Each structure stands twice: as structure tokens, then as C-alpha cells.
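The structure under discussion appears below in the form of C-alpha cells.
The values are calculated or read from the model by the stated rules, or taken from the named source; none is laboratory data. Being a predicted model, the structure only gives us computed values, none of them experimental. Note: ideal-geometry Cβ built from the backbone for every residue, glycine included; neighbour counts use all protein chains shown.
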Amino acid sequence: MIRHFVHLRFAKDTSEADKQALYDQLAGLSDHIEGIIDFQHRTNDSVEIPLVRGFNDMFWFDFTNEAVRNSYLENSVHQAIGAQIVAKTESGADGVFVCDIEV
């Protein structure tokens with residue numbers, strides 16, 4: 001199983017409603033991509049504020065394997081949502097940090 005983490009540094013003017021709308025769209029990818037096991041999103045609760053560097057929001061997907069993860073990355077619906085996310089983050093793509101692990 002592959003867990004795909006995405007940490008976000010949203011622009012200060014991004015509302016909670018805007019964030020939730022993006023998360024709802026991401027959750028809907030399960031209807032388009034077979035092999036998505038789970039989708040979750042959370043707010044970073046770390047007390048190590050200097051190390052957080054503003055990455056206060058995160059989401060993750062669990063994929064059955066690398067092939068499903070790769071399909072997700074190439075999926076046009078995912079790419080459109082990703083563009084919306086980048087438009088809402090501080091400094092564009094610099095406001096996104098991605099990490100994948102094998103679980």
C-alpha cells in the first residue's frame with residue numbers, strides 16, 4: 001500500500017469553506033480511480049511551529065499500490081483539482097509538500 005501525503009501552506013485569505021470544497025473534490029476521486037483505499041484530511045497540530053513553516057493543512061490518500069498512485073497522478077480530474085489547490089496556496093507550488101511512503 002502507498003500512502004500519499006500532501007502538506008499545504010494555504011494563502012491567508014483561503015477560507016475554511018474553500019478548503020473543504022477542495023477536500024470534497026479530492027474525496028470524489030474515489031469514484032474515478034479504482035484502487036483508492038482511503039482519503040483523509042487534517043489540520044496540523046504540531047507544537048514545533050518553527051519547523052511547520054506554515055504547512056498547517058494536510059491530506060493523504062491510501063492507494064493499493066504504486067500503479068494506482070501513478071494513475072492518480074496522471075488523472076485529468078486530479079490534475080484540475082491540483083491546479084485549484086496550487087492557486088490557493090502561498091507561493092503557488094512552493095506551498096505544497098508531497099511525501100509518499102510504503103505502508
- Matching option when the condition is part of a loop (DSSP other than H, G, I, E, B) and either among the charged types (D, E, K, R) or in contact with a Pro (Cβ under 9 Å, 6 or more places away or on another chain) (or both), among ASP45, ASP38: ASP45
- Give the number of residues within the stretch 29-71 that are over 13 Å from ILE85 (Cα atoms) and in contact (Cβ under 8 Å) with a residue 12 or more places away in the chain. 29
- Subset of the stretch 90-99, residues surrounded by 15 or more Cβ atoms within 10 Å (Cβ to Cβ) and of a type in the set (Asp, Glu), comes to GLU90
- Message: Can you find, within the stretch 1-27, the residue that is nearest to SER91 (Cα to Cα) among those that are small (Gly, Ala, Ser) and touching a residue at least 12 places away in the same chain (Cβ under 8 Å)?
- Response: ALA11
- Taking the stretch 67-101 and keeping residues touching a strand residue (DSSP E or B) at 6+ places or on another chain (Cβ under 6 Å) and over 21 Å from ARG9 (Cβ atoms) leaves ARG69
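One line per residue, one yes/no per condition, for (1) more than 15 Å from the chain's Cα centre (by Cα); (2) aromatic (Phe, Trp, Tyr); (3) at positive phi:
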{"position": "ILE36", "(1), (2), (3)": "no, no, no"}
{"position": "VAL47", "(1), (2), (3)": "yes, no, no"}
{"position": "PHE55", "(1), (2), (3)": "no, yes, no"}
{"position": "TRP60", "(1), (2), (3)": "no, yes, no"}
{"position": "TYR72", "(1), (2), (3)": "no, yes, no"}
{"position": "ASN75", "(1), (2), (3)": "no, no, no"}
{"position": "VAL86", "(1), (2), (3)": "no, no, no"}
{"position": "GLU102", "(1), (2), (3)": "yes, no, no"}
- Task: For the stretch 2-23, enumerate the residues that are among the aromatic types (Phe, Trp, Tyr) and buried (at least 19 other Cβ atoms within 10 Å of the Cβ).
- Result: PHE10
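This table checks each residue for (1) among the charged types (D, E, K, R); (2) surrounded by fewer than 16 Cβ atoms within 10 Å (Cβ to Cβ); (3) at pLDDT 95 or above.
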| position | (1), (2), (3) |
| --- | --- |
| ASP31 | yes, yes, no |
| ASN44 | no, yes, yes |
| VAL47 | no, yes, yes |
| MET58 | no, no, yes |
| GLN79 | no, yes, yes |
| LYS88 | yes, no, yes |
